[in-house]
1. Taking amide hydrogens as modeled 1.01 Å from N in the peptide plane, which residues meet the under 5 Å criterion relative to Tyr50, leaving out close sequence neighbours?
2. Averaged per residue, what accessible area in Å² does the chain show with a 1.4 Å probe, protein chains only?
3. Take the solvent-accessible surface of the protein heavy atoms, probe 1.4 Å, and return the percent of it on the chain that carbon and sulfur atoms account for.
4. For the chain, with only Lys/Arg (+1) and Asp/Glu (-1) charged at the beta-carbon, what is the dipole magnitude about the Cα centre, in debye rounded to 20?
5. If you count, for each residue, the other Cβ atoms within 10 Å and average over each peptide, how do 62-70, 31-39 line up from highest to lowest?
6. Kyte-Doolittle cut-off 0.0, length cut-off 15 Å along the helix's own axis using Cα: show which whole DSSP H helices in the chain pass.
7. Of the listed values (1) 11.4, 34; (2) 12.7, 44; (3) 32.1, 100, identify the label whose number matches Rg and Dmax of the Cα atoms in Å calculated from this model.
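The values are calculated or read from the model by the stated rules, or taken from the named source; none is laboratory data. Every value quoted in this text rests on a predicted model; they were computed, and no experiment measured them. Cβ atoms come from the backbone with ideal geometry, glycine included; neighbour counts cover every protein chain shown. Keep in mind that these areas ignore ligands, DNA and RNA; they rest on the heavy atoms of the full protein, side chains included. Shrake-Rupley method; radii C 1.70, N 1.55, O 1.52, S 1.80 Å.
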Amino acid sequence: MDNKAGHMDRVISAYIRSVMKQKHITQTEITNKIGRNAQSYVSNRLNGKYSWSINDLDTIAPMLGLPDALSLISTAAGYAK
């Protein structure tokens, strides 16, 4: 399966980075929350190199003040407009 990032992946990542900055959330906090060992996993997604998994977005969403992945995706789409 190809998980290279597309346009919407980059929009989602830009939104996540923006909220992380506002809420002072670090990459390390996200890495720990989604249960990854390597911070590079999160870094590659925040930089738009690879797609986020729905499970990751579902875990991250409450950190950003949203209930779930679908809300995060929807909010990010509106953020891009």
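1. Here Ala5, Arg45 satisfy the definition.
2. 60
3. That fraction is 49 percent.
4. 300
5. Top of the packing list down: 62-70, 31-39.
6. Long hydrophobic helices here: 69-80.
7. Correct label, based on the coordinates given: (1).
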